[in-house]
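Remarks on the structure that follows.
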């Protein structure tokens, strides 16, 4: 039954799972969402780490296991209101008990242009170049033609792989508009396009099997409700070939003290999962946890399995707060 379940997972038309990674706490992976967010922070540098494990009751290690880390910095441009950003990001996606492994490493650069003298509106441009390596282990894969009439995997698959490891370069571009109000509200709207270089990803020697381009649209806001409470809505739209993914959600922040905050939230990934989120922050550090409750037809097949994520981040200051202070004031 384990092999049958895994086969069903790979055959079902789920959201982008056969192509690119995704996170429910997408706002905690800024460099993987849009390169123009690089260095758009309050402070001098930012460190992010996140781990996702999905469908753990199908196999012992989960069908998808995806850790990622990133580091970026904000560089002030002399006395100008404009700033530069630079950063690095790394992720490693393990699919189907190490059947398929994807390693991605990226370097980002961004320029944040102030649109007014009061530094309330910014337009950010970012570019990201990277290296992708994919490895497959044919010995751990069971193909459809190996199942006998009783549903047991037997015999040889007869599949021949030209390579078990492929590599290529990737290029991404993004733009983000940000508004920072004196009242403390923040709005960010961005767009990015991934896989401009059309990385070839065939293990069978096919030279016309390029990784499709991916369009990303995203937004997030901070809306102060009182001295203690704030509302933080967010959305993410991704499209790759004919498949789209839409995430919407909102978090509520309670500021216990100037240095301590707690957060609860919920979201929904259309056609897939309801998402529960909770988190804490303390003096520039934040810890987040989320769990996906599957609501698609897959839930009946796989006993309502879901996925969990743990995120950890920190924004530091080398000497003093970077100026201007408005860009990317973190709200979680």
Of the residues 190, 213, which single one is surrounded by fewer than 18 Cβ atoms within 10 Å (Cβ to Cβ) and within 21 Å of residue 127 (Cα to Cα)?
213
Name the residue that is nearest to residue 211 (Cα to Cα), counting only residues in the stretch 229-255 that are without any contact (Cβ under 8 Å) to a residue 24 or more places away in the chain and touching a strand residue (DSSP E or B) at 6+ places or on another chain (Cβ under 7 Å).
237
Check on residue 103, over 18 Å from the mean Cα position of the chain (by Cα) and either surrounded by fewer than 18 Cβ atoms within 10 Å (Cβ to Cβ) or in a loop (DSSP other than H, G, I, E, B) (or both):
no
Pick from the stretch 278-293, criterion under 19 Å from residue 314 (Cβ atoms) and crowded, with 18+ Cβ neighbours inside 10 Å, ranking: farthest from the chain's Cα centre (by Cα)
281
State which residue pairs qualify: first residue at positive phi and modelled with pLDDT under 95 and inside the stretch 257-282, second residue loosely packed, with under 15 Cβ neighbours inside 10 Å and not in a strand (DSSP E or B) in any location, beta carbons under 7 Å apart, and separation of 6 or more residues or different chains.
none
Those residues of the stretch 167-182 that are surrounded by fewer than 15 Cβ atoms within 10 Å (Cβ to Cβ) and over 17 Å from residue 122 (Cα atoms) come to a total of 2
Kindly establish whether residue 133 is more than 30 Å from residue 248 (Cα to Cα), at pLDDT 90 or above and in a strand (DSSP E or B).
yes
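The values are calculated or read from the model by the stated rules, or taken from the named source; none is laboratory data. Please read these numbers as outputs of a predicted model, since none were measured by experiment. Here the Cβ is made from the backbone with ideal geometry for all residues, glycine too, and neighbour counts use every protein chain on show.
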